[in-house]
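**Student:** Here you go, one structure.
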Amino acid sequence: MSGVSVRVVLVILALASCGAMFWIVGYLALGGVPPAYLSEVVFVLPIVGVLAALLFLFVRNRRCGSAGLRFLHLRNAPEPTHSEDNLDLATGVLNARAFMATVGDELGKGPGALLLIDATQFSVRRPHNRIASRDEPLRLIAGTIRTSVRADDLVGRLATNRFAVYLKGANDADSEQIAQRICESVENTIYLSDQRTIGALSVSIGGTMTRPGMIEPYLRTARAMLDKAKQAGRGRFMLAHAA
């Protein structure tokens, strides 16, 4: 049951309860005795409404709790440690130029993993069903990625809905664990601020293990794996393992 349908049911129950109360008042104003069932309706309907709302909240929290529901505020995201010239102003992560240059330097230091992350689906609604800025879910996704990776890993924004992560010194198991954590963290995050709610967040991830060399071949492999992840459905990741 969606939040909209729950609100509709609660409004119907409230109107029915009010109607029964007015009916009782009418009987009393005319000197009559209202039927007993009307008093029972006035008493039962609010209880049913409260139980319906509690049941909805319980089912929603239980569904999200298995993956570790997280409540995040953008102010709680880690503070960037790079120069502002190297940051994407909308999300606070490295911009494309800085990310590519930094990863190019890191590739010469040893193995690692490169992840490409696409924000595949999100919707944002303010009160009264007005669509909010697209920057809000992207900032949230960027912050969630940053809290899902290790302290010395690199996070950048390469395009409008595309992010990238370089996992320094990561092996196959590390990369799979972090990719899965990013997918689950994004999908199971609710952002609450000033009565605004962001829902239906998800990402797809394609990646590859890296060794010292040029970055372009690894980007091509990661893009190919990202395409496969998107074809597999929402919230999926595909990694090309080291030979």
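Matching residues to (1) within 23 Å of residue 95 (Cβ to Cβ); (2) modelled with pLDDT under 95:
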| position | (1), (2) |
| --- | --- |
| 140 | yes, yes |
| 158 | yes, no |
| 175 | no, no |
| 202 | no, yes |
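**Student:** State whether the residues of segment 183-193 include one that is at pLDDT 90 or above, in contact with an Asp or Glu (Cβ under 7 Å, 6 or more places away or on another chain) and crowded, with 20+ Cβ neighbours inside 10 Å.
**Tutor:** no
The values are calculated or read from the model by the stated rules, or taken from the named source; none is laboratory data. Note that this is a predicted model, so its numbers are computed, not measured. Don't worry about glycine lacking a Cβ; one is built from the backbone with ideal geometry, like all the others, and counts go over all protein chains shown.
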